[in-house]
1. Of all the residues that make up the stretch 14-26, how many are farther than 17 Å from residue 74 by Cβ and modelled with pLDDT of 95 or more?
2. Kindly indicate which of 59, 47 is within 23 Å of residue 99 (Cβ to Cβ) and either at pLDDT below 95 or buried (at least 19 other Cβ atoms within 10 Å of the Cβ) (or both).
3. Might you check whether a residue that is open to solvent by less than 90 Å² (accessible area, probe 1.4 Å), of a type in the set (D, E, K, R) and farther than 20 Å from residue 97 by Cβ occurs anywhere in the stretch 22-29?
4. Within the stretch 43-81, how many residues turn out to be in contact (Cβ under 8 Å) with a residue 12 or more places away in the chain and at positive phi?
5. Name the strands (runs of 3 or more DSSP E) wholly inside the stretch 16-75 in which the number of residues that are over 18 Å from residue 90 (Cα atoms) is 1 or more.
6. Filter the stretch 62-82 down to the residues that are of a type outside the set (Gly, Ala, Ser) and more than 14 Å from the chain's Cα centre (by Cα), then identify the one that is least open to solvent (accessible area, probe 1.4 Å).
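The values are calculated or read from the model by the stated rules, or taken from the named source; none is laboratory data. Because the structure is a prediction, the values reported are computed rather than measured. Every residue, glycine as well, gets a Cβ built from its backbone with ideal geometry; the counts of neighbours run over all protein chains shown. With ligands, DNA and RNA removed, areas are computed over all heavy atoms of the protein, side chains included. Shrake-Rupley method; radii C 1.70, N 1.55, O 1.52, S 1.80 Å.
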Amino acid sequence: MTRRRGERRVRMRLQVRLWGMDYSGKLFNVSAHTVDLTPTGARLEGVTCFVERGMIIGVEHGRSRARFRVRWVGRAGTPTDGQIGIRSVEPGKYIWGVAFGRTMGDEPDETHMAADSTPAAPSPVNP
């Protein structure tokens, strides 16, 4: 079963800086990068700090900053280890500097598929 998303996403690697307080109460300020983007969120990779789902973190790209909620954290020992999914908590604030056009599709993301599932075949078009 594939995970359906409500927004289009584009694969793009951008350097970002994350800051906040980890789940043990220690401040962190680390570098990471994006794997893919949506208008309101991103998947980040190279996250070496201890964050949990639901935490609010700061993210900076270039000179732009915004606050994001951690939506998911990749499990250790899986392909998503070191990755997190984030979504903006500041409506209308856009920090990526990337235009989202109509040509970008919502591709299935194998990292979120069950091991025994495959993407659904396209349905036939009736004339």
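1. The qualifying residues number 5.
2. The conditions single out 59.
3. Yes - at least one qualifying residue is present in the stretch 22-29.
4. Result for the stretch 43-81: 3.
5. Hits in the stretch 16-75: 27-38, 41-45, 64-73.
6. For the stretch 62-82, the residue satisfying everything is 78.
The rows are residues; the columns are (1) of a type in the set (Gly, Ala, Ser); (2) modelled with pLDDT under 90; (3) touching an Asp or Glu at 6+ places or on another chain (Cβ under 7 Å); (4) open to solvent by 40 Å² or more (accessible area, probe 1.4 Å).
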| residue | (1), (2), (3), (4) |
| --- | --- |
| 39 | no, yes, yes, yes |
| 84 | no, no, no, no |
| 88 | yes, no, no, no |
| 100 | no, yes, no, yes |
